[in-house]
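Asks: I have a structure here, written as structure tokens, and I will follow up with some questions on it.
The values are calculated or read from the model by the stated rules, or taken from the named source; none is laboratory data. As the structure is a computational prediction, the values presented were derived from the model and not from experiment. Methodologically, a virtual Cβ is constructed for each residue, glycine included, from the backbone with ideal geometry; neighbour enumeration extends over all protein chains shown.
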Amino acid sequence: MSVYETESGTKRAELDGHLGDVTCCQFFPSGQVVLSGATDMRLKIWSASDGTNPVTLVGHRATVTDTEIVGVGKNVLSCSKDGTVRLWHCGSSSLIHTFELSKLPVNRIRLVSYPERDESKMPENEFETAGKVVAAACEDGRAVLLDLGTKKTISEFGATNGTPVRAVAYDIVQQLVYVGLSDGVVQVWSDSDTSKPMFEFKRNSSAITDVALVRKESGSLPLVCVSTEDGQLYLVAPVLSSGNVVGVEVVEELAGFDVDPINRVRVAMSTQKDATRQAVWAAGRVKDIFEF
């Protein structure tokens, strides 16, 4: 795993230490530290400057599939093919809590925050967990919302033994849950109605690999970025009527991957001066990484 400068393309550091393939990685908010997960069932925290690895988190029983960073990064989250979501304390390299969700893999997690939250009473080794919600995509056919502060399940969408859920995103302001399935369907649920999705759409039967919310400068509804197993990457805008999603409009096609599978999508501030939305970064099974 390598760290590059985005402007010059020069390599800053080599992060070498996992005993298996790296499956996910992301920067901490400081931009100076990297979190990674791998098939060796471990998470590692690295210096992006010199490649040192001061912290390794051990506890998963299968491949780590995704990670999230809580607040400034004193706590991190991970999910795994062992069917769990785990909360860790980085400073002590310790496991704080395990959400036992399924006997099948948890494929993706997304962390979102309520606009207002009380951080006054926090358990030991927990920082900024109050008012946080984890959305988890489960291979058993469910998308699950978890309260990170209380450690309780909020709601579940879909059904056990249903079509595998490969990706999830949660718009906590609009109260919409976006669920990407292995058969190419993207479902839109109201977080207050778990009986059925309010809308769904499908381009083809290629599996959805990731779903991410892309904020616009105008402050209106976020766009939804969808990536697929056959290399499609596109942005859709939800169409609302009386507060319900009744359709979607494709607003951008992001070309670059041909038919190569896209593994991961990340959203960040755009470096373009005239940008009207956040930047979309996407990585596939080839070596290329694209910014759109």
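Asks: Surrounded by 13 or more Cβ atoms within 10 Å (Cβ to Cβ) and farther than 23 Å from Asp66 by Cβ: is that true of Arg277 in this structure?
Replies: Against the criterion (surrounded by 13 or more Cβ atoms within 10 Å (Cβ to Cβ) and farther than 23 Å from Asp66 by Cβ), Arg277 qualifies.
Asks: Can you pull out every residue in the stretch 4-21 that is part of a strand (DSSP E or B) and within 24 Å of Met41 (Cβ to Cβ)?
Replies: Ala13, Glu14
Asks: Can we say Ser102 is more than 27 Å from Tyr4 (Cα to Cα), modelled with pLDDT of 95 or more and over 16 Å from the mean Cα position of the chain (by Cα)?
Replies: yes
Asks: When you go through (1) modelled with pLDDT of 95 or more; (2) of a type in the set (Ser, Thr, Tyr); (3) under 24 Å from Tyr170 (Cβ atoms) one by one for Ser113, which number turns out not to apply?
Replies: Failed condition: (1).
Asks: Examine the stretch 118-131 for a residue that is buried (at least 20 other Cβ atoms within 10 Å of the Cβ), among the acidic types (Asp, Glu) and closer than 20 Å to Tyr170 by Cβ, and state whether such a residue exists.
Replies: Within the stretch 118-131, none of the residues are buried (at least 20 other Cβ atoms within 10 Å of the Cβ), among the acidic types (Asp, Glu) and closer than 20 Å to Tyr170 by Cβ.
Asks: Within the set of pairs 6 or more residues apart or between chains, which connect a residue that is within 11 Å of Asp50 (Cα to Cα) and touching a residue at least 40 places away in the same chain (Cβ under 8 Å) inside the stretch 1-16 to a residue that is assigned to a strand (DSSP E or B) and among the hydrophobic types (A, V, I, L, M, F, W, C) with Cβ atoms less than 7 Å apart?
Replies: Val3/Ala13; Val3/Val34
Asks: Out of all the residues in the stretch 226-237, is one or more free of Cβ contacts under 8 Å to residues at least 24 places away in the same chain, in a loop (DSSP other than H, G, I, E, B) and of a type in the set (S, T, N, Q)?
Replies: Within the stretch 226-237 (the criterion being free of Cβ contacts under 8 Å to residues at least 24 places away in the same chain, in a loop (DSSP other than H, G, I, E, B) and of a type in the set (S, T, N, Q)), the answer is no, since none of the residues qualifies.
Asks: For the stretch 40-59, does any single residue satisfy the condition of being farther than 20 Å from Pro29 by Cβ, touching a Cys at 6+ places or on another chain (Cβ under 9 Å), buried (at least 19 other Cβ atoms within 10 Å of the Cβ) and not β-branched (Val, Ile, Thr)?
Replies: Among the residues of the stretch 40-59, not one is farther than 20 Å from Pro29 by Cβ, touching a Cys at 6+ places or on another chain (Cβ under 9 Å), buried (at least 19 other Cβ atoms within 10 Å of the Cβ) and not β-branched (Val, Ile, Thr), which makes the answer no.
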